[in-house]
1. Can you give the FRET efficiency for residue B:251 and residue B:42, using 1/(1 + (r/R0)^6), R0 = 45 Å, r = Cβ-Cβ distance, to the nearest 0.05?
2. Near the axis that takes chain A to chain B, which A residue has its beta carbon closest, and at how many Å?
3. If the label for residue A:209 sits 7 angstrom from Cα along the Cα-to-Cβ line, what are its distances to the same label in every other copy, in nm to one decimal, shortest first?
4. From the convex hull of the Cα coordinates of the stretch A:1-84, what is the mean projected area in square nanometres?
5. Quick one: buried accessible area between A and B, total over both chains, 1.4 angstrom probe, nearest 100 Å²?
6. Which residues does a label at residue B:74 reach in the stretch B:247-285, if reach means a backbone N under 16 Å from a point 7 Å past the Cα toward the Cβ?
7. For residue B:289, place a label point 7 Å from Cα along the Cα-to-Cβ direction in every copy; what are the distances to the other copies, in nm, shortest first?
8. May I ask you to list the residues of the stretch B:34-49 whose amide nitrogen lies under 18 Å from a point 7 Å from Cα along the Cα→beta-carbon direction of residue B:8?
There are 2 protein chains.
Amino acid sequence: MRLEAILEGLERREPAALARAISLVENQRDGFERVLSHVHARLRRGGTRRIGITGPPGAGKSTLTERLIQQFRSQELRVGVVAVDPTSPFTGGALLGDRIRMEAASLDPNVFIRSMATRGARGGLATTTEEVTDLLEAFGFDRILLETVGVGQTELDIARTAETTVLVLVPESGDGIQTLKAGVMEIADIYVINKSDRPGADKLRQEIEVMLGIRQGNAFRHVAPHHAPSPRAPRPTDRTASTVRPGEGWEPPVIATVASRGEGVAELVQALDRHYVYLEAGGLLAGRRRRRLAQRTRAVLERAVQHWISEATRAEELLQRRLDDVTDGRRSPYDVAAEILDQVKTGALR
Amino acid sequence: MRLEAILEGLERREPAALARAISLVENQRDGFERVLSHVHARLRRGGTRRIGITGPPGAGKSTLTERLIQQFRSQELRVGVVAVDPTSPFTGGALLGDRIRMEAASLDPNVFIRSMATRGARGGLATTTEEVTDLLEAFGFDRILLETVGVGQTELDIARTAETTVLVLVPESGDGIQTLKAGVMEIADIYVINKSDRPGADKLRQEIEVMLGIRQGNAFRHVAPHHAPSPRAPRPTDRTASTVRPGEGWEPPVIATVASRGEGVAELVQALDRHYVYLEAGGLLAGRRRRRLAQRTRAVLERAVQHWISEATRAEELLQRRLDDVTDGRRSPYDVAAEILDQVKTGALR
């Protein structure tokens, strides 16, 4: 009944229903999969664009996001924002405060901002974030900004589920650009140098462009989702190899902004449009979407199986019975897990 | 055969065999579970102490770890270190450099230092880290330091698998102590204020002590593993409630150190000894160990089931067959996952 009310509210585009649906999904409460199944049939096939915004803490991603919202609103586009809070338990507080101010500032009914805490969503944060994004898409937002503070692999993965990924750096990042872990620089479709009125902006631009030049000449651009780039040395001849990813042919622009003053934001919006047109013209959107859904289905299956195993009373009983043996060293966790898995396989845990 | 050689090498305490066993486990290569099963039977029941060291980046954890190694070595104890590198792709490089220097510096055969990258071990890092720790324990190390850079929930979880958890802060942390996410301050058995010759050390000590005072008076100390603390307001009467955790009765000391000069490190070692005696006297070690093994068995089972599902050709076939429906919106990932799970349950995927 309550679930029905949420579904009806979503149909009528009531923000309150959206907020409740999101909470349901975020906490995986009873019925959340039914809501998502319902929403899935209503996803727009085109029209909504998902834009990932990531970068190190302090790069000004929130300010940039606010400016993008303004730009999109001036085009009468409806904007949803999913902001993934940092996993860092040591820096979380202050950033969360920022975020709450931002949510409060949003009184425009055509803007919906939702923060997601990483705490409590262990292991499944990427999936849950995508599910919340689906809710926003089904609700009819034209642009969805996925802002991740980018302190962990998960946050990168989330940014990467967007059609276009924006990596926000600041001049101070220049010193560290060489030490960035492999895979970080390669995810971006668009680079933003924010706070570009500070010293070092030109140097950072050069460094990025040098790196992009190197990338053009080798297979480094191929970064399969969720896999580290191949450790082999770059070889110019690799370019023609089958490892070239669909994005080949797009030259990532480097855009200077001063988000606090709104400078460069119009250029960023233009670059976003250009990238979308590029994806669409090359027929790349459909392929991306299909891969995303395949991966989502696998993730949902994994979650369902885990849930089932942890709830299967016979698995838990067997585990408890074997625990003395494990504690005494007579059996190992691996033997016991193998025994239970055997029972799973034969359907004995049914 | 190769596996046999590793097992024999472990028996003979050959460091090369240990290094190979760790690589096997870290990368979950064929046979890794057999190695772990073998090791499990050889885990020492007592004698080895696992010490978790966590804290924000820049707190000086590596330096402190080096000093602890020196202290333990002066007591002729054999020391293993598992250092979990930051998940942050934006700051990883520099810290990894530090670590490599530290590994190179360790020429003492009674000291073994191993870094673990978080990249690539997604979802299972806590389990893998514990497994590597088991290898070190079976190899005969007396003290095992689990150093985590503490930028994520996973790193906290890892620190928490130790018998004693040390939280390292610096005077600069004082400003942020109020904003630390719930659950961070509560995990520590021992607080260290490192770089305590800097301004603000006294203020930080006071803040920690005030917080500890508050904690003594309410149920806030109860932090169930992997669960956020209850959001309800602290009530003094809660102390007698069943939510009091086994650690109740231990008053976490606050120790000032200047690790770079070795100051305070002897006091820290004494505090570590006191905490271990406290755990042992209260019969708390056995209970912790049992809970840890139960949880490990569950994690290993989850991993095994996931692996099986992802390798089950019939599950993947079914998923691929349904993908067109999902892409077209006729079926949702949730319907398809439910269908496959049904087949798992009935043993049809056997």
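1. On the way: r = 36 Å, r/R0 = 0.80.
Efficiency, from the Cβ-Cβ distance: 0.80.
2. Spelled out, residue of A and its Cβ distance from the axis onto B: A:347, 1.
3. When each copy's label point is compared with this one, the spacings are 5.8 nm.
4. On the way: hull surface 27.5 nm².
Value for the stretch A:1-84: 6.9 nm².
5. Values: alone 18190 and 18200 Å², together 29540 Å².
That pair hides around 6900 Å² of surface in total.
6. It comes to B:257-273, nothing else.
7. 5.7
8. Correct set: B:35, B:38-39.
The values are calculated or read from the model by the stated rules, or taken from the named source; none is laboratory data. Just so it is clear, the model here is predicted, and its values are computed rather than measured. Cβ: placed from backbone, ideal geometry, glycine included. Neighbour counts: every protein chain shown. Note: accessible area is taken over every heavy atom of the protein model, side chains too, but ligands, DNA and RNA are not part of it. Shrake-Rupley method; radii C 1.70, N 1.55, O 1.52, S 1.80 Å.
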